[in-house]
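The values are calculated or read from the model by the stated rules, or taken from the named source; none is laboratory data. Computed from a predicted structure; not experimentally measured. All Cβ positions, even for glycine, are placed from backbone atoms using ideal geometry, and neighbour counts span all protein chains on display.
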Amino acid sequence: MPSKPKTQKFKQKMVWEYGFACFLPNCSSAIENEKRERDLKRRNQNLEHNKAWLLAESGADLSNNGEPQSVHSSFRFSFCSQVELESMNLNSTSSSSSSGATVLMVNLDNGVSETRSQELKWRIIESLERSISPVAHALVRFSYGEILSATRNFSKGRVLGRGALSCVFRGRVGFLRTSVAIKRLDKEDKESPKAFFRELIIASSLHNRNVVPLLGFCIDPEGLFLVYKYVSGGSLEHHLHGKKRGVFSRLPWSARYKVAVGIAEAIAYLHNGTERCVVHRDIKPSNILLSSRKSAKLCDFGLASWTPAPSVPFLCKTVKGTFGYLAPEYFQHGKVSNKTDVYAFGVVLLELITGRKPIEVKSSPGEENLVLWAKPLMQQGNGTIVELLDPCLKCTRRNSIQIQQMVQAAAACVISEDSQRPDITDVIAILRGQDPDLSDKKSALPGNECVIDCYSQLQQTKSEMRSHLALAMLGVSELEDDDYLYCR
């Protein structure tokens, strides 16, 4: 007998939900809508119960008509859910209690459900797919599984370098196990999709022997990845400033001169050899890779931008780059042009000449900033070349001319006024001992008798450069060993 009501209910359910559904579709849809509303209500209740709250409890005296008095006890903070909060028996309004609890309830729920987050990810992926479609056919598309296998599940032993928004891993892909460098962008950063798109579009358009080629990419809900050719010789940063190097691991002068010319040619290609002028904005030794034969290759186009034309500047709201390599007009006013890269390259040339870092906190007073220290020495002429030269190098008859040429090129590149700096093609001519075309410059470059830069405004901009130095050194003592220090 007890089972009869259940049987009747079951029959009624079968008849109404299935038997009459074909004759009364509206009834069926009404039942489905009712189910959907119940599920939605239950889901909202679960979300409400799972909200995170922050409790701040204090042993305050709540007497005196329930008005809290001034207390000096420390607060205890803890997390709890909505269910736990409701289950707590806080009798703070009771005047008879000798001690109470002041509860600060702050809802920490971000208001975005997991389903909503997944939908947002897929929208971003779809937008990226549409944006890169014009160039995607020229690149290899890797699956996320291939990226995992290549990096051995992103093993720490495979890390080549870290950036503000990225981490680079060494890996092997394909049937031939080709060595590659896989750049993983931070999937939690909102700027990553934009940075991924910009770098892919720009890097895929570059084809030069002195630029590291982009081979492929991976777009997946788990992350965004760019796959570059692996360069086995390591970075110029490692060869110049590596901690584990010995005296004999320093680059000889012939390799340094070869690197200088190679990177100058890479910059010239970016500025003049493509359909649109590309400004790298982050030229530094850690972004210069060396092959086994010490051929230099420029890499990392995460900050690269297009400009309307060479020498046509534009303003950017956010200054991004690495302290010590930022041109004064870029650092102070956000002005970007091809001359921004020329200044950074001049700092790299000074590093090749001196073996010093651009910012050295532990150096003697007056020698912390490489550019400010080197300028007076370059102004004095050839007699001070020995003071500029890396102690590991020797100035011989064979390389003395090349050293003079590189010093002269460096002095021209780090001129404070951007309009006085030469184009990169003129810098290459100086490095090779040729006469640069300076007909459009207001002043001529110094000759061999006086290897200096023509910074007539040095005294006028001295205070600005001092502030540049002070800002550049903020936090350097803690992060001076980080190859990827970005200012935001």
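Working only within region 124-135, note down all residues that are under 17 Å from Ser205 (Cα atoms) and without any contact (Cβ under 8 Å) to a residue 12 or more places away in the chain.
Ser133, Pro134
Might you check whether a residue that is over 15 Å from Tyr144 (Cβ atoms) and not aliphatic (A, V, I, L, M) occurs anywhere in region 214-224? Write out each step before concluding.
We begin by selecting, within region 214-224, every residue over 15 Å from Tyr144 (Cβ atoms); these are 214-215.
Subset that is not aliphatic (A, V, I, L, M): none.
No - not one qualifying residue is present in region 214-224.
Suppose the filter is crowded, with 23+ Cβ neighbours inside 10 Å and closer than 30 Å to Asn153 by Cα; does Ile283 pass it?
Details: crowded, with 23+ Cβ neighbours inside 10 Å: yes; closer than 30 Å to Asn153 by Cα: no.
No: the conditions fail for Ile283.
Can you pull out the residues in region 383-426 that are of a type outside the set (A, V, I, L, M, F, W, C), closer than 25 Å to Ala266 by Cα, in contact with a Pro (Cβ under 9 Å, 6 or more places away or on another chain) and part of a helix (DSSP H, G or I)?
Scanning region 383-426 gives Gln408, Asp418, Thr425, Asp426.
Within the group Leu372, Leu326, which residue is touching a Ser or Thr at 6+ places or on another chain (Cβ under 9 Å) and either in contact (Cβ under 8 Å) with a residue 24 or more places away in the chain or assigned by TED's automatic domain parsing to the domain that holds Leu393 (or both)? Working first, answer last.
Numbers: Leu372 fails: touching a Ser or Thr at 6+ places or on another chain (Cβ under 9 Å).
Criteria check complete, one pass: Leu326.
Among the hydrophobic types (A, V, I, L, M, F, W, C) and either under 24 Å from Ala255 (Cα atoms) or at pLDDT below 90 (or both): which single residue out of Leu389, Leu372 fits that description? If you could, list the steps in order and put the result at the bottom.
Working: Leu372 fails: either under 24 Å from Ala255 (Cα atoms) or at pLDDT below 90 (or both).
Leu389 is the lone residue from the list that is among the hydrophobic types (A, V, I, L, M, F, W, C) and either under 24 Å from Ala255 (Cα atoms) or at pLDDT below 90 (or both).
Just give me the residues in region 221-232 being assigned to a loop (DSSP other than H, G, I, E, B) and surrounded by fewer than 17 Cβ atoms within 10 Å (Cβ to Cβ), in sequence order.
Residues of region 221-232 assigned to a loop (DSSP other than H, G, I, E, B): 221-222, 230-232.
Those that are assigned to a loop (DSSP other than H, G, I, E, B) and surrounded by fewer than 17 Cβ atoms within 10 Å (Cβ to Cβ): Pro221, Glu222, Ser232.
Determine whether region 234-241 contains at least one residue that is touching a Pro at 6+ places or on another chain (Cβ under 6 Å) and either surrounded by fewer than 21 Cβ atoms within 10 Å (Cβ to Cβ) or under 15 Å from Ala138 (Cβ atoms) (or both).
yes
Residues in region 360-372 that are crowded, with 19+ Cβ neighbours inside 10 Å and over 29 Å from the mean Cα position of the chain (by Cα): how many?
Here the count works out to 0.
Being at pLDDT below 90, charged (D, E, K, R) and within 21 Å of the chain's Cα centre (by Cα) narrows it down to one of Lys317, Lys357, so name that one.
Numbers: Lys357 fails: at pLDDT below 90.
The conditions single out Lys317.
Mind listing just one residue for me: the one in region 127-165 that is within 14 Å of Glu222 (Cα to Cα) and not in a helix (DSSP H, G or I) and, of those, nearest to the chain's Cα centre (by Cα)?
Phe154
Output the residues belonging to region 267-277 that are crowded, with 18+ Cβ neighbours inside 10 Å and either modelled with pLDDT under 95 or in the same structural domain as Leu160 (by TED's automatic domain parsing) (or both).
Scanning region 267-277 gives a single hit, Cys277.
Output the residues belonging to region 427-439 that are free of Cβ contacts under 8 Å to residues at least 12 places away in the same chain and closer than 19 Å to Ala266 by Cα.
Answer for region 427-439, where residues must be free of Cβ contacts under 8 Å to residues at least 12 places away in the same chain and closer than 19 Å to Ala266 by Cα: Ala429, Gln434.
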